[in-house]
Amino acid sequence: MQPLPDIIGPALRVLFCGINPGLMSAETGHHFARPGNRFWPALHLSGFTPRQLKPAEQSELLSWRLGITNVVERPSAKAGELSRAELVAGGERLVERVLKHQPEWLAVVGVTAYRDAFGERHAQMGLQERRIGSTRVWILPNPSGLNAHYTLPKLAAAFAELEHVS
């Protein structure tokens, strides 16, 4: 397995932040690589990208001023395998990355991971009061196929809310 590279460039509009790499992402070096993950379809259906990208095309996000990182670098089969301590430490590293690169928006995909990483037990989906420097923060639903509560249309609608304001 290889470390999953951050896809970060200058003047990003939105930096999407996954919880941690899945095992397939760690094997391939591509974010949201598992076939059942709905990140790439939701990104396209919401209007962020003009076509649906494949995980191997992740670097093309930079042409639309979009990027990807993760809260925790350690791969796992399920995000639930991460400890709270790992999420808190990952949140601290994420703040450093955001302050360094200053995207307009940080979009964390996964409300539970956000709550643990930032100690905000009552955080809800959508716009957050928290800012990291000048970066505004938004929480999106986790696009994993394991998050069956969010169908692809509901997921795309949630992404579209951010696309509208960003």
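Values computed for the structure shown
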{"read-out": "Which listed residue is part of a loop (DSSP other than H, G, I, E, B), in contact with a His (Cβ under 9 Å, 6 or more places away or on another chain), at pLDDT below 95 and closer than 20 Å to S166 by Cβ, from P10, P50", "value": "P10"}
{"read-out": "Positions within the stretch 14-46 being of a type in the set (A, V, I, L, M), open to solvent by 30 Å² or more (accessible area, probe 1.4 Å) and free of Cβ contacts under 8 Å to residues at least 60 places away in the same chain, in sequence order", "value": "L23, M24"}
{"read-out": "Conditions (1) at pLDDT 95 or above; (2) closer than 18 Å to G47 by Cβ; (3) surrounded by fewer than 19 Cβ atoms within 10 Å (Cβ to Cβ); number of the one not met by S166", "value": "(1)"}
{"read-out": "Residue in the stretch 145-152 that is surrounded by 21 or more Cβ atoms within 10 Å (Cβ to Cβ), in contact (Cβ under 8 Å) with a residue 40 or more places away in the chain and closer than 17 Å to A113 by Cα present", "value": "no"}
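The values are calculated or read from the model by the stated rules, or taken from the named source; none is laboratory data. Computed from a predicted structure; not experimentally measured. Methodologically, a virtual Cβ is constructed for each residue, glycine included, from the backbone with ideal geometry; neighbour enumeration extends over all protein chains shown. Surface accessibility is based on the protein's heavy atoms, side chains included, excluding ligands, DNA and RNA. Shrake-Rupley method; radii C 1.70, N 1.55, O 1.52, S 1.80 Å.
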